[in-house]
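Worksheet: one structure, shown below.
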Amino acid sequence: DTEVTQTPKHLVMGMTNKKSLKCEQHMGHRAMYWYKQKAKKPPELMFVYSYEKLSINESVPSRFSPECPNSSLLNLHLHALQPEDSALYLCASSQEGGPRGETQYFGPGTRLLVL
Amino acid sequence: SQQGEEDPQALSIQEGENATMNCSYKTSINNLQWYRQNSGRGLVHLILIRSNEREKHSGRLRVTLDTSKKSSSLLITASRAADTASYFCATDVTGDMRFGAGTRLTVKP
């Protein structure tokens, strides 16, 4: 199974809502990633988890809160978002993470619209 | 923040022609990867080339890496309409991957 799944596929939320994005992989990977992608732009790294510990946080606002309950699951909790946070949120996983360079496997993304 | 810059930003060719995309980056790297993204969907890994490699092939794809010029190129030979997508180079800096701006390739049937 080389698939990374993400739910929901689409999400519309108001600025006062609390919602969560979910990501799951069953490839035995120990590194998982959240990216944000605006239209016609490249993905931008938000968070990296390695062995269930947050290893990289790219100065993301606190209204985004990641969580890694176990090695197969990655959540992104959203609270009090702004309209400019509307984007495609991509999850990815790789074998271990780290600087040696690994193939990352991406999910299809969650398209988020903040009203 | 982006690590790489790609050119051209957009490329339109006829089916059967070759497509070449270029990527330049700023800092020393351990490896460079190329990914493809169909419209609004997840990215698919194409090829990884390490800093001690100069050229790599995978099917109709050929990637070159010139570390002295801090640049890489992706060649797609005998293009097909299904190759229509955005192509991104990505470099690994201390475990966090940075993507270039991407090239939007359109292959006309």
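Where residues in segment A:13-45 are aliphatic (A, V, I, L, M) and part of a strand (DSSP E or B), which of them is modelled with the highest pLDDT? Step through it out loud before you land on a result.
So in segment A:13-45, the residues aliphatic (A, V, I, L, M) come out as A:13, A:15, A:21, A:27, A:31-32, A:39, A:45.
This time we only want the ones that are part of a strand (DSSP E or B), so: A:13, A:21, A:31-32, A:45.
Working: A:13: 94, A:21: 98, A:31: 94, A:32: 95, A:45: 93.
Only one residue fits best here, namely A:21.
The conditions are (1) under 27 Å from residue B:5 (Cβ atoms); (2) of a type in the set (Lys, Arg); (3) within 11 Å of another protein chain (Cβ to nearest Cβ); (4) touching a strand residue (DSSP E or B) at 6+ places or on another chain (Cβ under 8 Å), and residue A:41 fails exactly one of them. Which is it?
(4)
Restricting to segment B:76-109, what's the tally of residues that are farther than 29 Å from residue A:46 by Cα, out of contact with any Gly (no Cβ under 9 Å at 6 or more places or on another chain) and either basic (Lys, Arg) or within 13 Å of another protein chain (Cβ to nearest Cβ) (or both)?
So the count comes out to 1.
Test residue B:62 against the criterion of being charged (D, E, K, R), in a strand (DSSP E or B), within 11 Å of chain A (Cβ to nearest Cβ) and touching a strand residue (DSSP E or B) at 6+ places or on another chain (Cβ under 7 Å), and give yes or no.
In short, no.
Go through B:51, B:39, B:73 for me and flag whichever is within 11 Å of chain A (Cβ to nearest Cβ), surrounded by fewer than 21 Cβ atoms within 10 Å (Cβ to Cβ), of a type in the set (Ser, Thr, Tyr) and within 20 Å of residue B:11 (Cβ to Cβ). It would help to see each step written out before you state the result.
Values: B:51 fails: within 20 Å of residue B:11 (Cβ to Cβ); B:73 fails: within 11 Å of chain A (Cβ to nearest Cβ).
Answer to the check: B:39.
Would you mention how many residues in segment A:95-115 are of a type in the set (Gly, Ala, Ser), modelled with pLDDT of 95 or more and in contact with a Phe, Trp or Tyr (Cβ under 9 Å, 6 or more places away or on another chain)? Steps first, answer last, please.
Of all residues in segment A:95-115, those of a type in the set (Gly, Ala, Ser) come to A:97-98, A:101, A:107, A:109.
Those still in the list that are modelled with pLDDT of 95 or more too: A:107, A:109.
From what is left, the residues that are in contact with a Phe, Trp or Tyr (Cβ under 9 Å, 6 or more places away or on another chain) are A:109.
Number satisfying all stated conditions: 1.
Condition first: of a type outside the set (Lys, Arg) and within 12 Å of residue B:29 (Cα to Cα). Now tell me which residues in segment B:56-71 satisfy that.
At the first step, the residues of segment B:56-71 found to be of a type outside the set (Lys, Arg) are B:57-59, B:61, B:63-68, B:71.
B:65, B:66, B:67, B:68, B:71 - these are the residues of segment B:56-71 that are of a type outside the set (Lys, Arg) and within 12 Å of residue B:29 (Cα to Cα).
The values are calculated or read from the model by the stated rules, or taken from the named source; none is laboratory data. Quick caveat: nothing in here was measured; it's all calculated off a predicted structure. Because the Cβ atoms are built from the backbone with ideal geometry, glycine has one as well, and the counts that use them run over all protein chains shown.
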